[in-house]
Structure formats: C-alpha cells, structure tokens
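Enquirer: Pasting a structure here, questions to come.
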Amino acid sequence: MGLLWYNMVRYSNISMNILRINSKKTMSFLSAMLFVGLLLQTVTGKVVISTANAGTAEEILPIIKKDQTEHIYEESNPIPFVVPTEEQIAHEQKVQKIRKYLQSRNSPLSHFAEDFVKASEEYRIDYRIVAAISIIESGGGKKNFRPYNAWGWGKSGFTDWSEGIWAVSKGIGKYYSKGLTTPRLISYSYCPPSADSWARKVQGVMNLIAQY
C-alpha cells in the first residue's frame, strides 16, 4: 500500500512536470503565433495602405500628365511671328503704294504692283517711275496702242503685263545708268515733242504714289 501510494505521488509529480513543460511549450507556441499574427497584420496593413496610395497616385498621375501634355501642345503651336527687316518693310510699303494708287485709277496694272517694285530693285530705278509713265501714256493700261504696251514703248506689244513692266524697267534702267535719273532728264529722249509737259505729269504722278 505504501509502495502504491509512493508510485502514485511520483506519477503525479511527473505528470505535473510534463504539464508544466507542455504549458511552457504551448505558451511559447502561442506567443510565437501571436507575434507572427501581429507581424502579418502590420505587413498587410502596409500593403493595403501602399495599394491605396498607389491607386490614388494612378488617379492623380493621368491628370498631371494630361495637363502637361495639353500645355506642351499649346506651346508647340505658337502664333507665327516674324520681325521683318527694314528692307522687307520698304519693299512691302512700295508694293502697297503702287497697288493702292493704281486701284484708285481702276488700272488693270494694279494686280502687278509686285512686278513694278521687283523690276525697280533689279534695275536700280525709282519704283514709281514705270507705273507713273503708264498713267500718262495710257491711263494705266486702259488705252494701249499695242497689246499690253501701256508705256508707248517701242513699236510693238508684249505677251502680258509682266513682260511689259520688266522690259520698260530695263529700258529706264539704261537711262539711269547714264545719270538720267529724273523724268525731266529722261523726257528729252523719251518724249521729245512735249518733253517738259510730259516730265511734269510723270513727276506729278510719282508724287501722288508716294502719298499712299
């Protein structure tokens, strides 16, 4: 009986020790699981937050890109603006003066104002003189003695107005090269019978053109 009691007590102690050991292992395991659970929760939270932030960024980014793209597109198509040189301004002003004056006279030559100016620049003559002569000789091309010859130049006509302008300008350029640079000086060769009257009329028209 005594031996049996002893064995029972011993077995109880061993069982308690085993339970203590198991309890410690259980507690350690539970603690470890709790730690892992907390860690996973933290990481998951960060992932969720990061994902949310990423989603927000994706929503904002296209707006930024769109604004920037539109801004660049607007700047890539500026309104054209070129600062003209003094020579370009002078050329355009001459063309406008010739055109406006000839239009005021209902002259068909008004459409060829550019030719008058270009030819004058080519042969170094006054840009007004050939247009002025056409007014005195034919009313600006309205009464021609030969086809497209508004200047009484030579004895034949021209194929079109442009050819006539350039041919007469070249001829006037020869006068200029000899120092005959005014209607008065040119008149004695151009229109000998009425040189003085012709010169005054041509000069008068040149002065009118300059006022436009």
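The values are calculated or read from the model by the stated rules, or taken from the named source; none is laboratory data. This is a predicted model, so every value here is computed, not measured. Heads up, the Cβs are rebuilt from the backbone with ideal geometry, glycines too, and the neighbour counts pull from every protein chain shown.
Enquirer: Of the residues in the range 127-160, how many are buried (at least 18 other Cβ atoms within 10 Å of the Cβ) and acidic (Asp, Glu)? Spell out how you get there, then give the answer.
Expert: Initially, the range 127-160 is screened for residues buried (at least 18 other Cβ atoms within 10 Å of the Cβ), giving 127-138, 140-141, 144, 148-151, 153, 158.
If we keep only those that are acidic (Asp, Glu) as well, we get 137.
Looking only at that region, the number is 1.
Enquirer: Here's a follow-up. Where residues in the range 117-126 are part of a loop (DSSP other than H, G, I, E, B) and in contact with a Gly (Cβ under 9 Å, 6 or more places away or on another chain), which of them is surrounded by the fewest Cβ atoms within 10 Å (Cβ to Cβ)?
Expert: Looking only at the range 117-126, we keep the residues that are part of a loop (DSSP other than H, G, I, E, B), and these are 124-126.
Okay, now just the ones that are also in contact with a Gly (Cβ under 9 Å, 6 or more places away or on another chain), so 124-125.
Values: ARG124: 12, ILE125: 22.
Within the range 117-126, the match that is surrounded by the fewest Cβ atoms within 10 Å (Cβ to Cβ) is ARG124.
Enquirer: Return the residues of the range 95-111 that are in a helix (DSSP H, G or I) and surrounded by fewer than 23 Cβ atoms within 10 Å (Cβ to Cβ); say none if nothing qualifies. So that I can check it myself, show each step before the final result.
Expert: The first filter runs over the range 95-111 and keeps only residues in a helix (DSSP H, G or I), leaving 95-104, 108-111.
The answer is VAL95, GLN96, LYS97, ARG99, LYS100, GLN103, SER104, PRO108, SER110, HIS111.
Enquirer: Which residue, of GLU114, GLU87, GLU58, is of a type outside the set (Gly, Ala, Ser), modelled with pLDDT of 95 or more and more than 22 Å from GLY152 (Cβ to Cβ)?
Expert: On the way: GLU87 fails: modelled with pLDDT of 95 or more; GLU58 fails: modelled with pLDDT of 95 or more.
Answer to the check: GLU114.
Enquirer: Continuing with the same structure: If you scan the range 183-201, which residues turn out to be within 12 Å of ILE133 (Cα to Cα), in contact with a helix residue (DSSP H, G or I) (Cβ under 6 Å, 6 or more places away or on another chain) and not hydroxyl-bearing (Ser, Thr, Tyr)?
Expert: Of the range 183-201, the ones within 12 Å of ILE133 (Cα to Cα) are 183, 186-187, 190-191, 198-201.
Keeping just the survivors that are in contact with a helix residue (DSSP H, G or I) (Cβ under 6 Å, 6 or more places away or on another chain) gives 183, 186-187, 191, 198-199, 201.
The answer is PRO183, ILE186, CYS191, TRP198, ALA199, LYS201.
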